[in-house]
Structure formats: C-alpha cells, structure tokens
Amino acid sequence: MLKALPLDENQRALLGQVLRYAISGGFVTILGVATYAGFVRLIGSPPLVANVAAYLVAMAFGYFLHGRFSFRDQATAGQSVRVGGKFFVTSGISFGLNSFFVWLFTSMFHWDKLTPIAAMIFITPAICFVIYRKWVFV
C-alpha cells in the first residue's frame, strides 16, 4: 500500500512508523485514558493518583508494542537494556507532561477531572513519538 505513494524510501519508512505508532500508541493511550477515567469516576481516587495508575498501565503495554511494532524497522535488536532505559526516561517525560495537565486543569483551573484527557490524547503522544523516533529506538 505505501509503495504506491510517490515517496522516497525514507519518507515511506517514516510514514509507516507514524501509522504503526498511531495504531499501537492509540491503543496504549486509550488504555491509559480508560484507566485514568476509571480511577477518577468509578473508584473516586484523586486525579494525580489516577494518573499514576494510568502511567503504569500505559508504560507496561507501550514498551512492548512500540518496540515490537511501532519502531520495529529501527535497528535496536540486542539492545534491550539501552532501549529499555531510554524508554523508561521517555515514559517519565510522558508521566510528567500528563501530571502537569492533570494539575493545571483540575487544581489550577478547577475544571472537570476528565478535562486533561484531551491533552493526554493529542499533546503527549506527539511529543513522545519524536523522542522515541529520534532517541529511544535508534
């Protein structure tokens, strides 16, 4: 399918990564958002506690999905310790961003506890894609 597009090999590889990241990252994001919303709405936990639970779930699934699917064409075979360490750092950045959004929208603005989800879905994954592609899975 991608070979039919008028792209050079590098552009085609990038497009493939973006599409695979959208699929696996979308799944991981939905899983994290569902965990966050469940903790907030069903359990009644504070938003930042719910964010920790969402982070742990998303990080566990994300490591395997992104390493084996999203960025599978980048040469990281046999480098699991190095890649895992960088992935953990990037996950910390993701956690920090989402925690900032939770704090900003729920504590500073006193908006609904589900308001940070929009930033969790659109801003954080976009930033993480660039970090994964340029630093983690290289």
Label-point gap, in nm, between ARG12 and LEU56 - each point 7 angstrom along Cα→Cβ: 4.4
Quick check for you: with a 1.4 Å probe and neighbouring chains kept, what is the accessible area per residue of the chain, in Å²? 56
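Tell me, what is the Rg over Rh of the stretch 63-138, with Rh the Kirkwood radius over Cα pairs?
On the way: Rg = 14.7 Å, Rh = 13.4 Å.
Radius of gyration over Kirkwood radius for the stretch 63-138 works out to 1.09.
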Gyration tensor (Cα only) of the stretch 19-126 to equivalent ellipsoid, semi-axes in Å sorted down, yields 27, 13, 12
Near-label residues of the stretch 118-138 by backbone N, under 12 Å of a point 7 Å along Cα→Cβ of GLN74: 128-138
Give me the percent of accessible area attributable to carbon and sulfur for the chain, probe 1.4 angstrom. 74
How large is the charge dipole for the chain, taken about the Cα centre, if only the Cβ atoms of Lys, Arg (+1) and Asp, Glu (-1) carry charge, to the nearest 20 debye? 240
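The values are calculated or read from the model by the stated rules, or taken from the named source; none is laboratory data. Just so it is clear, the model here is predicted, and its values are computed rather than measured. Using ideal geometry, Cβ is built from the backbone for each residue, glycine included, and neighbour counts are taken over all protein chains shown. Remember, those area values only see protein heavy atoms, side chains included, never the ligands or the DNA or RNA. Shrake-Rupley method; radii C 1.70, N 1.55, O 1.52, S 1.80 Å.
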